[in-house]
Structure formats: structure tokens, C-alpha cells
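No value in this document is a laboratory result; all are computed from the given coordinates. All values derive from a computational prediction rather than experimental measurement. Cβ sites come from the backbone with ideal geometry, for glycine too, and all protein chains shown count toward neighbours.
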Amino acid sequence: MATPACIFDAIRTPRSRGKPDGALHEVKPVQLAAGLLRELQARHDLDTARVDDVILGCVDPVGDQGACIAKAAAQAAHWDESVPGVQLDRFCASGLEAVNMAAAKIGSGQQDLVVAGGVESMSRVPMLSAGGAMFTDPDFVIDQLSVPQGIGADLIATLDGYSREEVDAFAVESHRRAARARDSGWFDRSVVPVRDENGIVILERDDFIKPDTDMQKLAALRPSFAQMGAYGYDDMALAKYPQVERIRHVHTPGNSSGIVDGASAVLIGSERVGRELGLTPRARILAATVIATDPVIMLTGPGPAAKKCLARAGLTVDDIDIWEINEAFASVALRYMRDLGLEHAVTNVNGGAIAMGHPLGATGGMLISIALDELERRGGRRAMISLCVGGGMGISTLIERV
Amino acid sequence: MGEFRFHQDADGIVTVTMDMDGPVNTMSEAFWPLYSGTIARLEATEGLTGVIWTSAKDTFFAGGDLNMLRSVGPDDVERMFGAVERVKALMRRHERLGVPTVAAINGAALGGGLELCLACNRRIAADNPKTKIGLPEVTLGLLPGGGGVVRLTWLLGLEAAMPYLLEGRQVSPDKAQETGIVHEVVPADRLLSRAKEWILSVRGDAAAATQPWDMKGYRIPGGPSTSPRNMTRIAGAAAMLYRKTRGLLPAPVHILDTMTEAAGKVDFDTATRYESRRFVSLLPRTETRNMISTLFFDMNKVRGGASRPKDVPPAQVRRLGILGAGMMGHGIAFSAAMAGIEVVLKDISPDAARRGRDRVADLLDRRVEKGRMTPDARNAVLAHITPTDRAEDLRGCDLIIEAVPERIEVKDAVLREHEELLAEGGFWGSNTSTLPITRLAQKARRPENFIGLHFFSPVDRMPLLEIVLGEKTGDETLARAFDFARQIGKTPIVVNDGTGFYTSRTIGTKMIEAVQLVAEGHDPVRVENLTRALGMPTGMLALLDEVQIKLVNEIHDTQVKMGLLDPAKEPNPEARALLAEMVETHGRTGKAAGKGFYDYGPEGRTIWPGLAAWRDANATIPDEDIKDRILFRAVLESLRCLEESVLRSVAEGNVGSILGIGAPVWTGGYIQFVNTFGLQRSLNRCDELASKYGNRFAPPEILKRHAAENRPFT
């Protein structure tokens, strides 16, 4: 990139169950996001007038999340009135797309300092609230063989031969790693407790993780998408994959990403603005890509996206210390590792969305902070962050510590 | 502590009779052990078939412990949040006992009292029309934090709940039934038997023991806050709130926000927790502390008769004479006739007197139109007023109030002509707003029976009466004047004599300061808007137009002529000159002529372009200074009134300034303002303003003394 984009900080809220009994249900999404903006301002004694844009991913931008929540959050944080904001939606990639867009704006010299991240209160604005052709227009659905993501995840498992035991084992490990990282304080630098207007803590740390998860408990769960598949979605998927006899429905709530509430914010800018404002770069964004693959299976984009990202950076798999693949479903992560020839030991080393949850638009920004904290902790250099995305898209961002 | 008496009858129904120490039941510290003990006992009671909650007092339950609430500082907020949540958890247990529960509302159920009722399945009220039911928290800068916002919103729906929550409307049992707050109104002696009857009638009906919010499929009347219609309504309500509060009062905003969250954004339990957070956040705020201090504690002191001589027995005015049927006279006639007093309304001609009565009729007709009064009641009130031009008709009045033009010779003349018509032991009141009572009383045969009764315009709407003591005014006269004020529903403050007493003198300073700003070349539009941004109901220039610039000049001239004011010591000579020029050169006499600081046309008022002559393009001043100049003039004048003993108590200064002369509610009145703004900070700000704008802002000794001793004004 013409001007390297530096990451000065990456923070996130803790995550909690995205239902009325979740701890963050009572917090308006605009306040979830504004709280992080205020934290960035306080941590860095930031002159907010210097921020050129606030880009927030949000997948269901209606109701409490409607009307350009990024601009609303900047105002709710009482940032300088000169700060604009934009909300974007690239499904589950939204948060990372915000980061990549910020890097592009800085790389092009168009802007100097940008906050990128996302927010999703899935308890207040449930998935699919925004409707849309891709999942609710029958004409489109039949023409495009548009099936729910879970069918795609089960299809990947079927094609690749991942057994129920394998996907469950992956999930158990995700919980174990996430609990260890949380309890060892490895997330502490980035996780900002959510407080009410009185300063009383509402949620201090991730509370979705279930450290006592084991194979026996997971085995007891029923597949999430078998019934849906039987309605006809399986037939639609198989129309594209005639070599498959039938889809094995291995994914359950236990080995799929959790529905949670949360937000993320990453402060990104040029080296020059960093010097001017006394901000120390923690990492640089080396390369970023977004691609699309077969929209029917939908979730196979991350591997190809990461490969393209490596190629653009002129690097190989061996040049990367750790890998983050969003655990939308266990099979997505397993496919990613297979595509790139990765060991689980270097992939999602502190667990992922199966354990901690996936607040759709916010997750990409959260993965930046998790990867960066871990690079620093282990003295590593580079991390690749990838997510599968609706419509068969895949996204990757490559960061390097400085 | 008192007790919650617990009695189970043969049908298994438990009656809980709340009887806390003191005259009323309140949510004081003693409430917690009584309530939690009772809930636990109910849960453990075998064969429980229903619960009736009632009170051993005249009232049902009085609400929160304001003394405790106003002592909550920022460091206590988290502890308070915990305490509120614990009480609310009990209320959840209360409403989930699994048996039908009834609030048998024997008397007033306000605030926390009504919240307790809302945790019952059924609310039955005794039919006493004097009983008040409502959630007045907002009027004291609070919100109903015991589940009141959430439960009432769920019960009535967003729109119907708004007046109760955002304005603190209190209603009689009948009206409460009409709205759906109570289910039944029965004769007082049937209250408990009816409660039992209801419980027996719903035996075995699980729905009767289930709150709407715990019922599957319950829909909030009028739909959720997320419906397009309600979204528009909420946005409109927010704009209307701003118009009313100028963004200066946090409580109604917190209430509207909590209502919005409760009505369909989050589940019931989350909403009540959110309500607790929004409630406790109000407690340490200065606005809240000011409002509780003045509108509750000071107000109770003032209305309770702290300034009324104790040893004079209470008395009532039966027959009132009013001299002058103009703006003030007819207004006084209205207020007195509404209270059932016989009124003789005298003016110089029968026509003039009749016109006064016609204006009372107009006021009454408006009430009839709005459905607030029956035509019969209207006629009865009007029949109390006898218009006349004959002095003799006033004979036997036990009070005569003169409301004639503010000229000393006119005042002296009516006194001379009418004083002897007073009934034996009757007293005389002057409605002067500017002339010293001691001077007017000089011509009285019985100066001990002479007193100032300064009403405010429009009398039918303004709640304040400034009672002014002349040097020789007797205790009995003061006591009777006080009783008269309460008889006609006014709140009386009692002040000592002096030019402009307390209210006219103080309001005069902020008006002249606004004129001074214009005379210095500043933009009058900005001055007016910043005055309203302070929370004053109207701009000072608009107010001058209302009271008539010409009249203000005349009063000033009279006071100079009488030696009450020394023109050499005039602190705002430029402003005085501007006012004189407005009237004498430009004929801008005020609103009545359609020409004052504003032009008045069919589209409303616009600033008179002629004021541009005073504009100085080089004049600059920060917004804060404009605001503080106007606010501090009134604050300092109030402190001087206290120093000079024109004000006899801080409470009367606070209450009088809010009710009579437009002190912003958030200040808690012009003296209380200093307490929460900070004594030393006030002193510093005075010094700053004095050095920039003149000696009129120099801090009075009383402020220096209190600041040095760090002693708030109480």
C-alpha cells in the first residue's frame, strides 16, 4: 500500500448471550459502540477532531441499529462534530471489511485516522430482521439455490468427511482455549467492561464461554439444520452438488458460533498521524482481500481469500505465526485449515466464536484485537485473519507487528 | 419501625395492614424489613388463597423517603442501585405469589405507594374524591424507580401513561378507574369486603393471579415502541419535552427513555433493571437535589405556615370587597369566588364593574368548554360575584383588597373612602406591586389591619401570593392574610416591606439587565434566546412588553419622586435611557399597543427592527456571560433581600422565586441555586462579572460570610 496503515489500538466489549437474558440486552447498541469510542478517546487522550471517519459493520441495520449507527455512535460518544460515520454490511465480514476499508482509505492517502469495527446487538435486533432478497425473496432463493448457512456448513462436513466427533472435538477445544485465555488475563488489554451511565459495571468479561463443555455434553445436542434440510434445502444444495448422496447434519448449537451481543473498535491511521498525536503503532496491515466462491455452499471462501492475501503480500503460509478463522461453524475452520495445510496448534489459539460467540457485524474487529494481543504475548510477527461470508464470499486481513 | 399486621381469615385470605411509625407509610429504611418479612411469611403461609394489602393510616402509602433520597451522593449510587434492585426483586415475588392479590386503596397512593399497588393483581379504591392517586416523582426531579415507569407503561400503553409519568398527573379514584389504573371504586366501608369478595370470585382462575406482563401473549395497549406510529409519537414527545424543559431537566427524559425501552425493546425484567439505573443516576444530580429541597421541603414549610403566627386562631374570609375590576381585580374575584367566597367587585362605573365580572365569566366558560367544570358549577361561582359602583355595597366585608392604579394619591383616596366600611375586625389588603406598604398604611385609621396582598398576573393561573408586612401590620392581620391565601388555594410567602418587596424588586433586576445588554449593543434576539435557554419561561424583553414598558417607566419615576430610588445610584443608566427613549421617542409602550421590544402581528411577534439603532458591531460577549448576567442579577438581588430581611426565610425566597418570578425549576429557586452551584464558586463568578460588567455584580456580605463559613443557605 502506498501509505502503510498502522493499528494503534484494537478493543472490544465482552460478549454475552444475545437473548433477553443476556447481560448486554439492556444496553442499546449505540451505547455499546459509543462506549468503545469513549474508551479509545480516554486511553489515547485523543483529539477526536482528528478522526476522519468511523466505519462500523452491522448486519441488521434496522430498529435500534438503523439510521447509520456509526454516525450516531460518534455523536453519542460526544466526539467532535466534524467526525463522520458510516455503517456497512458485508454480512459476517462487516467488521473486518471496516478495517480493510480504513486501511484502503489510509493507503490511498484519502484519510489519516479512522476508527473501524462493528456492533451487533443480536438480542435486540435478531438475525434476518433486515430481511433481504438473499434469504427471503422466493424468486431469488429458488433461482440461486440460496440455502441457510448451516446447510452449507453441513455440506462442507459431508464433502470433507468431518464426523460429528471431529466437529464436536473442535468445539470442546475452542471452549478450553477461550477459557484459558480469558482466565489468564490474555484478553484484558482489549476487553473493555461495559458500564451503565452511573459507571456501574454491567459486564466485565466474556460470559458466553462454557469451560465445562465436553464431548458427552455436546453429543447430547440435536443437529440444528436437519429439519430445515428436510424441508427442501438439502435438495436445493444437492442440485449443485450431485456427487453427494445426502447431507450429514453434524452441526448443533454446540459446534456452531454463539448468538451474542458485542462491539469492536480498531484505531487505524498513518505513521505520520501517529507521530503527530503520540500514538504508537502496534501493527501494520500488510494486505487485505475479499473474494467470492460458490454461494450455495457459501462458507468455503476463507481459504482462497487467505491464499490470495498471502500472494499479494508476497508471503507463504510459513511466514505466518498464527491464524484466526471465524468459527461460524466447526467445519468452516476445519476446511480452512485443510485448504492452507495448517495445524490446529497455530489456528484460533485462544478459541473462537464457538466458545465466545459471533456478534455478526462486530466479529471482524474483535478478531484483530485477539490476533494482535496474542502476537504480542508470544512475540510473534504476523497473523492472518479470515471469515466466511454470506453469498460465498471470503475475507482476509494480514497484519504484522511493528 | 411500626408493623405490617398479618391476619389470615377462615377462607385463607391474608390481610396485610401497613402501619409504620409516623403519620404515613413510606419507603424509608424501616420499610425493607417489614416488606421482606411479610413477603417471606406470605410465601410460607399454608392454605394461602389471596392477599389484601391495605393501610392503617388515612392514606394508603405516601411514597419514597425524600430525606434519604436527597442525601445520596455520587459515591452512594451503586449501593442505592443494589438497594432498589432488592426491593424490586421483592415486588416480583409479591406479584408472583400464585394467589390473587388486591391493593385495597383506602387513601392517597402516591409514588412508591402506587408502585406497591401496581404489584397487586387488582386495585380497588375507596370512593373518597379527595384521594390522590399518581406518580408525582417527575415533579421533584425523580422517576418512579420502584417499577412504576415500566408497570404503568405496560398497563396503560405509551400514550395513556405519558401524562402520569411525564407530568406526574394525580387523579381521584374515579378518574383512575376511567384510565384503568384502578379496577374498581367502592364505598369506603365496603373496601375490604369487596376485596375479599373478588378474591373468592376468582378462586381457581390462574389468570387472575397473573400480572399482564407475566402473561404469555399480552400486548401493550397501543402497541410497542417499535411500531412506526409509536416511533413517530415518541420522537414528537421528545421534542415537546425539550420545548418544556429546554433540556435542563433530566428526569422526564429518563422517564420517556425508560418507557420506550419498556414498551417492546426489552423484556420486563430487563426494563425494570434499566429503570433502576436511570433512577439512581438522577439522585446525585443538582437539579434533583434542588427540586426536592425547594419543591418539597421548602414548599411544605411555606404552605404549612412556618411564617404564620401560631397563637392566632384560624379564620376564613366570608365576604370580600375588591376595589378595581381590571386585570388584577377580576382575577382576584375569580380565585375568591372559586373558593366559595362572596365577592363585591367595585369599579368607578357599573359598566366597568360588570366588565370585570364578564371576564370572570370568560375564564369559567373556558373551563366548561374543556370539560373541567359543569355549567351549574360555573353559574354558582359567578353568582358569588356582585358588581357595583357603590361604595356602600362593600359594607360588612371582612377583607377589602384594593387593586386600583399604582398611583399613591389614588391608593390614598380609596383607602380613605372605604376603610370604615370594613366589618368589625376586618382587614385591608393592597395589591400594590411597587409602593411601600408602610407608606400606604400611613393614611389608614387602623394600620395594624393593613397588609400587602401582592397577587401575580394572570391571577387565575399564578399560584403565588406575596404577603407584605407594613411596619405596623399586626400578627392577627398576618395570620388572617395567610389563612385567606390558603382559602383561595394560593401559596403565600410573607416578606417585609421595602421598595418592590421581594418579587418585583428581583424580577426588575433581570429585566433591566436584559435591556442593559441591548443598550451595550448586543443582539436582542440572542439575549432573549439565551434567557430562555436558562430555563426561564419567557425572554425578559418579551416580559417587559407584557407588563408594559410605559408602566415600568412610570413606576420607576414614581419611586424616584417618592425618594425611594436615588437616580444617582442607578446601576443601569444606559438601560434606563433606552427604556425612556423607546416610549418617549418611538412610542414603543408595550404589547398592549402592539409596539414594544417586539412588533406584534398575526404571525406572532418579531423583534422590532428599530432596535438595530443600538446594535454595536464591535460588541462581543460569550453566551455564558449573557446567561449569568441575567441569572446572577436575580440571585444577587435575592441574597440582598435576605441580607436586608426583606425575605424572612430562605424557603420563602426559593418558593417565591419559582412560583412568582420565573426562577428556572432546576435552580431550586434563586437562593438554593447558590448552594449547589457552590458558595465559593458563586463568589468567584460574582467577582468575575463585577470586574467585567460593573459593581452591581459585587457579592453581598451575606454571600461572603456563608462562603467563608462554607455554610449553605437553609
- Give the value in nm², to one decimal: projected area of the alpha carbon convex hull of chain A, averaged over all directions. 18.2 nm²
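Evaluate peptide A:197-207: per residue, the Cβ atoms of other protein chains within 10 Å of its Cβ; return the mean as an integer.
Values: counts 6, 12, 4, 8, 1, 2, 0, 0, 0, 0, 0.
Mean inter-chain Cβ contacts per residue within 10 Å come to 3.
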- For the pair A:ASP294 and B:ASP58, how long in nm is the line joining their label points, each one 7 Å along Cα→Cβ? 8.4 nm
- Please report, for the Cα atoms of the stretch B:76-118, the Rg to one decimal and the Dmax as a whole number; what are they, in angstrom? 12.6, 37
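Considering all alpha-carbon pairs of the stretch B:319-499, what whole percent are spaced by more than 22 angstrom?
On the way: 6386 of 16290 pairs.
Across the stretch B:319-499, Cα pairs with separations above 22 Å total 39 percent.
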- Taking +1 at the Cβ of each Lys and Arg and -1 at the Cβ of each Asp and Glu, which of B:ILE467, B:ILE488, B:LEU320 sits farthest along the dipole of the stretch B:319-499 towards its positive end, judged by Cα position relative to the Cα centre? B:ILE488
- Size of the protein assembly as shown as Cα extents on the principal axes (Å, biggest first): 116, 86, 58
- Note on the structure: Given unit charges at Cβ for Lys, Arg (+) and Asp, Glu (-), the dipole magnitude of the protein assembly as shown about its Cα centre in debye, nearest 20, is 780 debye
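Could you line up A:ILE268, B:ILE607, B:ILE702 from fewest to most neighbouring Cβ atoms inside 10 Å? The partial results should precede the final answer.
Details: A:ILE268 32, B:ILE607 19, B:ILE702 16.
Placing the least packed residue first, the sequence is B:ILE702, B:ILE607, A:ILE268.
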- For chain B, build the charge dipole from Cβ charges (+1 Lys, Arg; -1 Asp, Glu) around the Cα centre, then report which of B:ALA235, B:HIS7, B:LEU478 sits farthest towards its positive end. B:ALA235
- Using the number of other C-beta atoms within 10 angstrom as an exposure proxy, rank B:GLU392, B:GLU406, B:GLU275, B:GLU261 with the fewest first. B:GLU392, B:GLU406, B:GLU261, B:GLU275
- Query: How do A:ILE385, A:ILE247 rank when sorted from fewest to most other Cβ atoms within 10 Å of their own Cβ?
  - Reply: A:ILE247, A:ILE385
- Item | Cα Rg, Dmax, the stretch A:315-402, angstrom units | 12.1, 36
- Dipole check, the protein assembly as shown, charges on Cβ (K,R +1; D,E -1), about Cα centroid: among B:ASN431, A:PHE135, A:LEU375 the Cα furthest to the positive pole belongs to B:ASN431
- Message: I need the phi-derived Karplus couplings for the stretch B:407-423: 6.51 cos²θ - 1.76 cosθ + 1.60, θ = phi - 60°, integer Hz, Gly and Pro marked x.
- Response: 10, 4, 5, 5, 4, 4, 5, 5, 5, 4, 6, 10, 4, 6, 7, 4, 4
- Message: I'd like the distance separating the alpha-carbon centroids of the stretch A:121-193 and the stretch B:117-133, in whole Å.
- Response: 52 Å
- Query: What distance in nm separates the simple spin-label points at B:MET562 and B:THR620, each placed 7 Å from Cα in the Cβ direction?
  - Reply: 4.5 nm
- About the Cα centre of the stretch B:254-345, how large is the charge dipole given +1 on each Lys and Arg Cβ and -1 on each Asp and Glu Cβ? Please answer in debye to the nearest 20. 380 debye
- Could you let me know the centre-to-centre spacing of the stretch B:602-667 and the stretch B:15-88, using Cα atoms, in angstrom? 43 Å
- Give me the distance between the Cα centres of the stretch A:60-76 and the stretch A:310-328, rounded to whole Å. 33 Å
- Query: For the stretch B:319-499, what is the relative contact order in percent, using Cα pairs closer than 8 Å and at least 6 residues apart in sequence?
  - Reply: 21 percent
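In the stretch B:401-475, what percentage of the DSSP-assigned beta bridges are antiparallel, given to the nearest 5? Provide the component values of the computation, followed by the final result.
Working: 4 of 9 bridges.
DSSP beta bridges in the stretch B:401-475 are roughly 45 percent antiparallel.
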- Task: Kindly state, to the nearest 0.05, the FRET efficiency for A:VAL201 paired with B:LYS692, given R0 = 41 Å and r defined as their beta-carbon distance.
- Result: 0.35
- Query: For A:TYR231 and A:GLU376 in the same chain, what is the full-extension length gain: residue separation times 0.36 nm, less their Cα-Cα distance, in nm?
  - Reply: 47.4 nm
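What FRET efficiency do you get for B:GLU570 and B:ALA89 if R0 is 56 Å and r is their Cβ-Cβ distance, rounded to the nearest 0.05? Mind dumping the intermediate values first?
Values: r = 64 Å, r/R0 = 1.14.
The computed FRET efficiency comes out at 0.30.
Suppose only helical runs count, i.e. DSSP H with n ≥ 4. What mean residue ellipticity at 222 nm does that imply for the protein assembly as shown under -39500 (n - 2.57) per run, divided by all residues and rounded to the nearest 500 deg cm²/dmol?
Numbers: 43 runs with 472 residues, N = 1116.
After summing the helix terms and dividing by residue count, I get -13000 deg cm²/dmol.
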- Message: Using Cα-Cα distances under 8 Å and only pairs 6 or more residues apart, what relative contact order does chain A have, in percent?
- Response: 28 percent
- Query: If you place +1 on the Cβ of every Lys and Arg and -1 on the Cβ of every Asp and Glu, how big does the dipole about the Cα centre of chain B come out, in debye to the nearest 20?
  - Reply: 860 debye
- Task: With a/c under 1.5 counting as rounded, go ahead and sort the stretch B:486-642 into rounded, prolate or oblate using the C-alpha gyration tensor (a ≥ b ≥ c being the square roots of the eigenvalues; past the cut-off, prolate if a/b is larger than b/c, else oblate).
- Result: rounded
- Query: Using θ = phi - 60° and the Karplus form 6.51 cos²θ - 1.76 cosθ + 1.60, what ³J(HN,Hα) does each residue of the stretch A:99-111 get, whole Hz, x for Gly and Pro?
  - Reply: 5, 5, 5, 4, 4, 5, 5, 6, x, 7, x, 6, 9
- Item | FRET efficiency estimate (nearest 0.05) - Cβ-Cβ, B:ARG378 to B:THR538, R0 25 angstrom | 0.25
- Message: Just to be sure I understand: of the beta bridges DSSP finds with both ends in the stretch B:319-499, what percent are antiparallel, rounded to 5?
- Response: 15 percent
- Query: When you count, for each residue, the other Cβ atoms within 10 Å and take the mean per peptide, how do B:171-180, B:326-335, A:153-162 rank with the highest first?
  - Reply: B:326-335, A:153-162, B:171-180
- Using label points projected 7 Å from each Cα along Cα→Cβ, tell me how many nm separate B:ASP21 and B:GLU581, to one decimal. 6.9 nm
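Percentage of Cα-Cα pair distances in the stretch B:480-534 greater than 15 Å, rounded to whole percent?
Cα-Cα pairs of the stretch B:480-534 separated by over 15 Å account for 64 percent.
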- Ratio of Rg to Rh for the stretch B:2-284, alpha carbon only, Kirkwood? 0.95
- Under the Karplus relation 6.51 cos²θ - 1.76 cosθ + 1.60, θ = phi - 60°, what is the ordered set of whole-Hz ³J(HN,Hα) values for the stretch A:355-362, x standing for Gly and Pro? 7, 9, x, 10, x, 1, x, 8
- Query: According to the square roots a ≥ b ≥ c of the eigenvalues of the Cα gyration tensor, what is the shape class of chain B, taking rounded for a/c under 1.5, prolate for a/b larger than b/c otherwise, and oblate for the remainder?
  - Reply: prolate
- Once amide H atoms are built 1.01 Å from N in the peptide plane, which residues 5 or more positions from B:LYS595, or in another chain, come under 5 Å H to H? B:THR589, B:GLY590
- Task: Of the listed pairs A:LYS240/A:LYS308; B:LYS57/B:LYS310; B:LYS490/B:LYS591; B:LYS57/B:LYS132, which have alpha-carbon separations greater than 19 Å here?
- Result: A:LYS240/A:LYS308; B:LYS57/B:LYS310; B:LYS490/B:LYS591
